[in-house]
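Working notes, beginning with the structure itself.
The values are calculated or read from the model by the stated rules, or taken from the named source; none is laboratory data. Not measured: the values here are computed from a predicted model. Heads up, the Cβs are rebuilt from the backbone with ideal geometry, glycines too, and the neighbour counts pull from every protein chain shown. The accessibility values were calculated without ligands, DNA or RNA, using every heavy atom of the protein model including side chains. Shrake-Rupley method; radii C 1.70, N 1.55, O 1.52, S 1.80 Å.
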Protein chains: 4
Amino acid sequence: MKKIKIGAVGLGRLGRQHAKNIAFRIPNAELLAVCSINQEEVDEVQKNWGIEYGYTDYNEMLRNKALDAIFISSPSALHCQQISDALEAGFHVFSEKPLGTTLEECKLAEAAVEKHQDKVFMLGFMRRYDPSYAYAKKKIETGKIGRPILFRGYSQDPEHAIEGAIKYADHSGGQFIDMAVHDIDLARWLLDSEAESIYAIGGCYAHPEFGQYDDGDNVSALMQFKNGTMAFLFAGRTAPHGYNVETEIIGTKGILRIATVPQKNLVEILDEHGVRKECSQDFLERFDQAYVEEVQEFVNCIIENRKPAVTVYDGTKSTIIAYAATEAFKENKLVRL
Amino acid sequence: MKKIKIGAVGLGRLGRQHAKNIAFRIPNAELLAVCSINQEEVDEVQKNWGIEYGYTDYNEMLRNKALDAIFISSPSALHCQQISDALEAGFHVFSEKPLGTTLEECKLAEAAVEKHQDKVFMLGFMRRYDPSYAYAKKKIETGKIGRPILFRGYSQDPEHAIEGAIKYADHSGGQFIDMAVHDIDLARWLLDSEAESIYAIGGCYAHPEFGQYDDGDNVSALMQFKNGTMAFLFAGRTAPHGYNVETEIIGTKGILRIATVPQKNLVEILDEHGVRKECSQDFLERFDQAYVEEVQEFVNCIIENRKPAVTVYDGTKSTIIAYAATEAFKENKLVRL
Amino acid sequence: MKKIKIGAVGLGRLGRQHAKNIAFRIPNAELLAVCSINQEEVDEVQKNWGIEYGYTDYNEMLRNKALDAIFISSPSALHCQQISDALEAGFHVFSEKPLGTTLEECKLAEAAVEKHQDKVFMLGFMRRYDPSYAYAKKKIETGKIGRPILFRGYSQDPEHAIEGAIKYADHSGGQFIDMAVHDIDLARWLLDSEAESIYAIGGCYAHPEFGQYDDGDNVSALMQFKNGTMAFLFAGRTAPHGYNVETEIIGTKGILRIATVPQKNLVEILDEHGVRKECSQDFLERFDQAYVEEVQEFVNCIIENRKPAVTVYDGTKSTIIAYAATEAFKENKLVRL
Amino acid sequence: MKKIKIGAVGLGRLGRQHAKNIAFRIPNAELLAVCSINQEEVDEVQKNWGIEYGYTDYNEMLRNKALDAIFISSPSALHCQQISDALEAGFHVFSEKPLGTTLEECKLAEAAVEKHQDKVFMLGFMRRYDPSYAYAKKKIETGKIGRPILFRGYSQDPEHAIEGAIKYADHSGGQFIDMAVHDIDLARWLLDSEAESIYAIGGCYAHPEFGQYDDGDNVSALMQFKNGTMAFLFAGRTAPHGYNVETEIIGTKGILRIATVPQKNLVEILDEHGVRKECSQDFLERFDQAYVEEVQEFVNCIIENRKPAVTVYDGTKSTIIAYAATEAFKENKLVRL
Ligand SMILES: NC(=O)c1ccc[n+]([C@@H]2O[C@H](COP(=O)([O-])OP(=O)(O)OC[C@H]3O[C@@H](n4cnc5c(N)ncnc54)[C@H](O)[C@@H]3O)[C@@H](O)[C@H]2O)c1
Ligand SMILES: NC(=O)c1ccc[n+]([C@@H]2O[C@H](COP(=O)([O-])OP(=O)(O)OC[C@H]3O[C@@H](n4cnc5c(N)ncnc54)[C@H](O)[C@@H]3O)[C@@H](O)[C@H]2O)c1
Ligand SMILES: NC(=O)c1ccc[n+]([C@@H]2O[C@H](COP(=O)([O-])OP(=O)(O)OC[C@H]3O[C@@H](n4cnc5c(N)ncnc54)[C@H](O)[C@@H]3O)[C@@H](O)[C@H]2O)c1
Ligand SMILES: NC(=O)c1ccc[n+]([C@@H]2O[C@H](COP(=O)([O-])OP(=O)(O)OC[C@H]3O[C@@H](n4cnc5c(N)ncnc54)[C@H](O)[C@@H]3O)[C@@H](O)[C@H]2O)c1
């Protein structure tokens, strides 16, 4: 079996999981190299999982011609330059979301992708590859819900992770760019259209710290799309029950709801608290399968010489909308795109 | 509007609620008299709800010719004699379940009912009048689940009511007679057949006190019915989450489940315990509507000169099965009927 | 027992149910008179339920001094004048929602209520009296969800009732005034604040007929309240599964969801469609209990000489917000209050 | 990384999936050889997945000394002899359930395992490795439900698979041996005790064909365990909604329910059928993860030189109970063990 040889950059919260998935859960992939500015991380991963090459310098990794593809899970502000460099160096590229943190960065990535049409580029909107979201998409495409009317997307981090969120707040870009961008991508994908007008509000309901960065701990937005459909987004940092990513698509003939109860598993508990389900506590738990599926799709695209459904433009467009929502929120105004 | 004038005996846990329902929630009924050996109860009810007649002697109440019907919620051992006396005195009669505590008592009631064919007699198997059970019955009758295969019935009292249950244990007749008799009636009604063989087991898992009376705090039984269908019963006193009465009927084409989550209302709570529903805590809460519906049906039967679906024979037959289950449990053997 | 004597005007879809409830389900009330411009309705109700007085002229009913209170379920445009007339004539008054169809009407009603401080006035925001909503309110008041962040309210009529909705569209006032006004009242009540800014969008996704009246068949609004909380409203006419009124309140320590599955009863069905619950099909089914509870509260207020929690100002304020939402929707703009 | 080299026998419905999992989803395993009496299956698997060795003769495969372990998914009647042969040939062995189809076979396997204490032997009771069951077991072990009272286990195949079930009926051993054996293992595991008495009933409710083999299409059993706990089993071939494996453990302080809704994924659908979840349709879909986890555990045990929790005795004991249930069912009697 042909195996795609991958070099992965970024071994943090998510990058480490990606690296592990590439190494062990994608039959036709091989994790040949890892890279992080943190030498310890590189050493540990190499040793534990038997990875041949380790780098602390990204551009050095790009000189390793045994590689077929580069997998980017570094901090968001580095994505676009790293994408461009990797494509220029002749590799297929997967990058975590968001594409970039500014529109200029996104344009840089777009240019590189357009120049290297023979290479596969894919962006990490993994929710599209979650079995439940994929199932919902198919229902919509086959007309099961009629014409879509409204998309509702919630992305809530659990309160117990608030410390990390606060620390990270100054370079997160705000709730819309950091969290709601996934919902923006889902809305565009499921409604099959682009946002036209956005109003956004929110505030610091529990944690004034976010206010320093003109951000809120809970925010929401209402958007009208070009095809007349609507989207309501809610993003928050204080979910009491766990990591809550839920989505609803209301259509004229049917309604789909995905994960309105973010249940950990199929166990139901009956005790002094009533009848209850315990919940997923972070994105690694909730989207475990989606992270595998998206990498599998990336690798399959390379092998089968085709392009993934998520393109570089999905990155730019969702970023533009996230920025517009951020502007609407900061200035409490209606933004038209 | 013609109003049926009712005299109610027994003003305890359930009798008081019945009296209140008759007085205030049945348009075409009037609570004209109440009776209890407890003078205080009689006084209080008369005063609070403006009830004209009060008695501490049941047979005195039967001499009140202004009454149309007698409603019995006295202790189980009194039911059959009171039924017989009331029918003899010319009244329509409603009696709480169980019909009697011995087969002889039941036969006495049967004879009285047969002698007074012009009178309405009804037994308080109120579950049949609960909107959810009535809905399920209709689904079965219209063939929605195909041919019934298995009936599963749980009746669990909440642990927090254990003290009362222990105190009451010596004259309860045991779990099968006191609690599972409702499930036995449901099984007979929904499976449309009679039990043929029974095996029963159980024990004292939390409260050895029940052992004194050869009873268990949790028991179960498996029965085959004459038409080949099966019934599994579970009755317990230690439900951690509330008052749990749930039923399942598995058919060849569909399955119905009633109240597998005994939710208090339509509120769902998401908090540190997960996603949960709080539960009903006693029979008055869970079957509030059913208690009204059954009395309404009793009154309507009198007015419309017809007989209710629950007959005196349902009382005898469910009692026979409950006794057989008790015997099977006590002697750990298979009982054939 | 003292019984409040009530005269009811309007015997249509809702008025007939109210009349029935007053007649038969409110112990301390008596339905003494009914009124409708439709003589047949009056005759039928009088005959079937044995109601003493019948009128086709509202002002004639007001001359009946045997009455204590007037109950208004007439078309919305008549409410305020009828409220004023009834208060002037010395009666306690209950009026269905909305208070009025214009701000001027509302002010007329306010003036009448202020002039007759000794009379009880109550407005029919019955959802507040639904057991589930009342339960949720108590949880919020006792701090169980911390500080409220977001209110989400859906009010969806079933597609199968679309014909009536289309016929009624020209004098409904639009989705926000006709349907979302209940959610607006809930949001004000549960968030304990007033709306400050509103953006609203929507369209005709299935039924272009609503477009004639500048209305949509599905609309939504995002509002910020003065205390910083947020509210998202969705109102529609095309629910595929039934009559769907659901509400969510997200707080910093807990989240409450009410009726996200508008289940008909406690029966769950397992068949070729999966595992499913059948749904309530109209407001009479869903809010049966709430309609009784609100009238009970009205009657109790009269007897106990106190005022209900829902005031005439709740009517005016929810109307103002509903108008602002309508304006935002029609002109696709942000409206500040 | 050290990889355990595995030879797999049986490439049928389940064997093929096991082979695929070993080849691609177990990092530290390698599928070196496959075996089936069906040459085409062997060829196809070798070609598609690049498997080095292929055999149609099991004993030939046992002569391949490059192998570390043998993985058995052949027909049940072959298991014990193949286990014995493989252990004798010096391999670690994994065998699908049931251990054997007669007690003699089981004893043969036991003897072989006892003789080769240095080898890892594991039996395919995969449910124990399903994340939800593993989670439930941990809750029980840490006392979260108090003392177990009752185990309820359902195993229902979907009606749409009935043709295969009927064809297979003559050598399935009957519902208790073929299907309920999983529940028997779960009951033993979760109740931590052995069955003492069994009563079983059932019949052919939809498919008389099973009657030819003295089997039913739906059967149930009630068992008392030595430690006083109870178990109720139900096994059927006519589930209308899908592949339904559900389990409940009622304890004195809590109740756990596993997969009472065998939902396919996290999508909820609201349409003309109500609010519903679509269901898993076969064991491969429902237990996908469990099949991986159990093999992973087998491989880890070999590498870490330790023994799995499922032993050869679990195979014998569950078989004995399944036979006793079959006897109770066939003779409609109470069987004591
Ligand atoms: N798709 C999702 O659901 C999801 C979830 C979490 C994070 N993310 C995205 O993944 C990316 C990484 O997030 P994280 O939470 O893992 O971050 P992290 O801070 O935990 O890890 C960042 C990693 O990048 C390495 N790194 C930093 N600068 C580098 C450089 N110049 N060269 C090489 N390596 C460098 C760090 O040493 C670290 O290993 C972000 O873009 C984030 O938006 C996506
Ligand atoms: N259908 C149900 O769900 C349900 C639920 C609870 C009780 N019950 C049945 O209702 C009956 C009453 O149960 P309860 O829990 O209310 O009992 P309880 O002990 O609380 O009340 C019994 C009442 O009967 C009165 N009483 C006793 N002896 C009397 C006599 N000789 N003459 C007149 N009054 C007498 C007592 O003073 C008291 O008011 C029982 O038969 C019980 O099985 C049925
Ligand atoms: N709270 C709720 O959930 C809810 C639900 C439905 C309706 N409503 C409100 O209830 C009111 C009635 O709605 P409906 O759907 O029952 O309307 P409807 O059109 O079915 O009934 C109106 C009734 O008023 C009578 N009527 C009309 N003009 C009259 C007049 N001049 N004098 C006396 N009677 C007159 C009609 O004959 C009819 O009996 C409306 O204001 C509506 O907004 C509230
Ligand atoms: N754990 C579970 O949930 C589960 C589910 C299904 C099946 N099973 C068990 O798995 C086993 C296989 O079941 P299946 O449904 O895959 O059966 P199957 O009939 O679909 O496949 C049997 C396979 O064994 C091969 N085979 C038959 N005789 C052989 C021989 N002498 N030598 C080598 N190969 C031979 C066949 O060619 C075929 O590839 C059975 O024991 C069954 O009880 C377990």
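Averaged over the residues of B:209-221, the number of partner chain Cβ atoms lying within 10 Å of the residue Cβ comes to 2. Accessible surface computed residue by residue for the range D:4-119, with neighbouring protein chains in place and a 1.4 Å probe, gives 41 Å² per residue. Heavy atoms of chains C and D lose about 1100 Å² of accessible surface on contact, summed over both sides with a 1.4 Å probe.
Kindly work out what percent of the DSSP beta bridges joining two residues of the protein assembly as shown are antiparallel, to the nearest 5. Could the numbers behind the result be given before it?
On the way: 158 of 270 bridges.
Antiparallel bridges make up about 60 percent of those DSSP assigns within the protein assembly as shown.
For B:Cys279, the residues 5 or more places off, or on other chains, whose built amide H falls under 5 Å of its own are B:Lys264.
Simple rule: put +1 on each Lys or Arg Cβ and -1 on each Asp or Glu Cβ in the range D:164-306, find the dipole, and look at D:Ala259, D:Val295, D:Ala169; the Cα lying farthest toward the positive end is D:Ala259.
Once the other residues with Cβ under 13 Å from the Cβ of D:Cys301 are scored (Lys, Arg +1; Asp, Glu -1), what is the net sum? Mind dumping the intermediate values first?
On the way: positive: D:Lys119, D:Arg306, D:Lys307; negative: D:Asp68, D:Asp118, D:Glu293, D:Glu294, D:Glu297, D:Glu304.
Charge balance near D:Cys301 sits at -3.
Can you tally the lysine pairs in the range D:4-119 where the Cα-Cα distance is under 17 Å and the two residues are eight or more apart, or on different chains? Could you put the intermediate results ahead of the total?
Details: D:Lys5/D:Lys20; D:Lys5/D:Lys65; D:Lys5/D:Lys119; D:Lys20/D:Lys47; D:Lys65/D:Lys119; D:Lys97/D:Lys107; D:Lys107/D:Lys115.
Going through the range D:4-119 pair by pair, I get 7.
Suppose R0 equals 60 Å. What FRET efficiency, 1/(1 + (r/R0)^6) with r the Cβ-Cβ distance, do D:His171 and B:Asn28 give to the nearest 0.05? Once rounded, the FRET efficiency stands at 0.40.
Under a 1.4 angstrom probe, counting protein chains only, how are A:Glu294, A:Glu278, B:Glu163 ranked by accessible area, largest first?
On the way: A:Glu294 0, A:Glu278 40, B:Glu163 135 Å².
Largest to smallest exposure gives the sequence B:Glu163, A:Glu278, A:Glu294.
Using the Cβ-Cβ distance between A:Ala309 and A:Ala66 with R0 = 30 Å, the FRET efficiency computed as 1/(1 + (r/R0)^6) comes to roughly 0.55.
Listed here are the pairs A:Lys139/C:Lys277; B:Lys264/D:Lys138; A:Lys2/D:Lys307; which of them are more than 26 Å apart at the Cα? Could the numbers behind the result be given before it?
On the way: A:Lys139/C:Lys277 20 Å; B:Lys264/D:Lys138 29 Å; A:Lys2/D:Lys307 35 Å.
Where the Cα-Cα span goes over 26 Å, the pairs concerned are B:Lys264/D:Lys138; A:Lys2/D:Lys307.
In this structure C:Phe121 has an accessible area near 10 Å², from a 1.4 Å probe over the protein heavy atoms. The H on the amide N of B:Glu30, modeled in the peptide plane, is under 5 Å from the matching H of B:Ile4, B:Lys5, B:Ile6, each at least 5 residues off or on a different chain. To put it simply, the accessible area of the range C:199-337 at a 1.4 Å probe is 48 percent carbon and sulfur.
Heavy atoms of the protein chains alone define the surface here; on that basis the range C:169-218 has 29 Å² accessible area per residue at 1.4 Å probe size. Across the range B:25-36, rounded Karplus estimates of 3J(HN,Hα) from the backbone phi angles (6.51 cos²θ - 1.76 cosθ + 1.60, θ = phi - 60°) give 10, 10, x, 9, 10, 9, 8, 8, 8, 10, 9, 7 Hz, Gly and Pro being marked x. Here the range D:77-205 is treated as a sphere whose radius is the Kirkwood value from Cα pairs; by Stokes-Einstein at 4 °C and 1.567 mPa s it diffuses with a coefficient of 76 µm²/s. On a C-alpha basis, how far is the centre of the range A:96-175 from the centre of the range B:161-199 in Å? Whole number, if you could? Computed from Cα coordinates, the inter-centre distance equals 57 Å. Copy-to-copy label distances for D:Glu88, where each label lies 7 Å from Cα along Cα-to-Cβ, are 6.9, 8.5, 10.9 nm in order of increasing length. Give me D for the protein assembly as shown in µm² s⁻¹, whole number, from Stokes-Einstein with Rh from the Kirkwood sum over alpha-carbon pairs, 37 °C and 0.692 mPa s. For these conditions, the coefficient is 95 µm²/s. Projecting 7 Å from Cα along the Cα-to-Cβ direction, the label point of A:Asn227 sits 4.0, 5.1, 5.8 nm from its equivalents in the other copies, listed shortest first.
Taking every residue in A:236-246, how many Cβ atoms of other protein chains lie within 10 Å of its Cβ, on average?
Values: counts 4, 0, 8, 5, 14, 10, 4, 0, 4, 1, 1.
Neighbouring Cβ atoms belonging to other protein chains average 5 per residue here.
Expressed as a whole number of Å, what is the distance separating the alpha-carbon centroids of the range A:254-286 and the range A:1-45? That distance is 31 Å. Out of every Cα-Cα pair that chain C contains, those further apart than 26 angstrom amount to 50 percent. Residues of the range D:16-37 whose accessible area (probe 1.4 Å, heavy atoms of protein chains only) drops by at least 30 Å² once all protein chains are present, relative to their chain alone: D:Phe24, D:Pro27. Counting only Cβ charges, +1 for Lys and Arg and -1 for Asp and Glu, the dipole size of chain A around its Cα centre is about 1360 debye. Straight-distance candidates among the aspartates and glutamates for linking to C:Lys330, with alpha-carbon spacing under 20 Å and chain neighbours fewer than 8 residues away dropped: A:Glu196, C:Asp170, C:Asp178, C:Asp183, C:Glu196, C:Glu209, C:Asp214, C:Asp215, C:Asp217. Mean silhouette area of the range A:4-119, derived from the convex hull of its C-alpha atoms and averaged over all directions, reads 6.5 nm².
Rounded if a/c is under 1.5, else prolate if a/b beats b/c, else oblate: with a ≥ b ≥ c from the C-alpha gyration tensor eigenvalues square-rooted, which is the range B:196-337? It is oblate, given that a/c is not under 1.5 and a/b is not larger than b/c. When the charge dipole of chain C is built from unit charges on Cβ atoms (+1 for Lys and Arg, -1 for Asp and Glu) and taken about the Cα centre, the candidate among C:Ile145, C:Gly90, C:Ser132 whose Cα reaches farthest toward its positive end is C:Ile145.
Extending 7 Å from the Cα toward the beta-carbon at both B:Tyr213 and C:Ile320 defines two label points whose distance is 6.4 nm.
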